[in-house]
Amino acid sequence: MQTTKVQPRFYAACLASYSEGILHGKWIDATDDAEGMYLEVEQMLEASPSEYAEEWEIHDHEYLDIDGGGGFDCTGVLHDIAERVRMYEKYSREAVEAYVSNFGRWDESHFENSYMGYTTDRKDWSVDHWVECSGQTREVLDFFIPYLNEDLILREYENNYSFVEYEGEDYIFAPA
């Protein structure tokens, strides 16, 4: 998998302006920390042509999977966005967003404890992981490998692990 260097960002829109039929907002760099993003939002609200500019929503985003269904009130989750983007460097944007798409929320500790990697072939990954975890010597495994039921091993992993399809790959998460 090739990970492309991306610039995650979101468009913060002033709701008072929006209610008045005015499009006023700003693209915010999501690679900043939560406090930095909040200051950018505050500056956008201060520059609003609306007299009552206090509330805002995310109306668009790039390289972030934020599902808000037409607007996402993000005041309370800037910290989560900052954590997610920071984890892009350590793992990948795809792995982090696959986690969010599966679990519906961001939890850094749970992600780090459950993320097992990614694959394009579930069966190969399952057999390789089973072999790795078996604790057997290579000689013993070489004897048994022709007798392995790879479909059964895959079914067991699919029943106990989360395989999340995201952008053409399967991201694997262990049970909590």
Checklist entry - How about region 13-37: which of its residues are under 27 Å from the mean Cα position of the chain (by Cα) and farther than 22 Å from VAL96 by Cα? => result ALA13, CYS14, LEU15, GLY25, LYS26
Next on the checklist: It is to be established whether one or more residues within region 77-94 are closer than 19 Å to ASP32 by Cβ and not in a helix (DSSP H, G or I).
Outcome noted: no
Checklist entry - If we keep just the residues of region 160-176 that are assigned to a loop (DSSP other than H, G, I, E, B) and hydrophobic (A, V, I, L, M, F, W, C), which is modelled with the lowest pLDDT? => result ALA176
Checklist entry - With respect to the numbered conditions (1) part of a strand (DSSP E or B); (2) more than 23 Å from LYS90 (Cβ to Cβ), which one is the sole condition not fulfilled by TYR157? => result (1)
Checklist outcome for this item: Checked region 144-176 for anything of a type in the set (Phe, Trp, Tyr), surrounded by 11 or more Cβ atoms within 10 Å (Cβ to Cβ) and farther than 20 Å from VAL100 by Cα; matches are PHE144, TYR157
Checklist entry - within 26 Å of TYR171 (Cα to Cα), crowded, with 17+ Cβ neighbours inside 10 Å and modelled with pLDDT of 90 or more, is that true of ALA30? => result yes
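Given the options GLU139, GLU132, name the one that is at pLDDT below 80 and of a type in the set (D, E, K, R).
So the residue among GLU139, GLU132 that is at pLDDT below 80 and of a type in the set (D, E, K, R) is GLU139.
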Checklist entry - Which pairs do you get when a residue that is outside the structural domain of TYR161 (by TED's automatic domain parsing), found in region 118-132, comes within reach of a residue that is in a helix (DSSP H, G or I) and modelled with pLDDT under 90, reach meaning Cβ atoms under 7 angstrom, with the pair 6+ apart or on two chains? => result none
Checklist entry - What are the pairs, 6+ residues apart or on separate chains, where a residue within region 18-43 that is assigned to a helix (DSSP H, G or I) has its Cβ under 6 Å from a residue that is surrounded by fewer than 17 Cβ atoms within 10 Å (Cβ to Cβ)? => result ALA34/HIS79
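Within region 134-143, can you find the residues that are in a loop (DSSP other than H, G, I, E, B) and surrounded by 10 or more Cβ atoms within 10 Å (Cβ to Cβ)?
GLN136
The values are calculated or read from the model by the stated rules, or taken from the named source; none is laboratory data. Note that the coordinates shown come from a computational prediction; the quantities given were computed from them, not determined experimentally. A quick note on method: Cβ atoms are made from the backbone with ideal geometry, for glycine too, and the neighbour counts reach across all protein chains shown.
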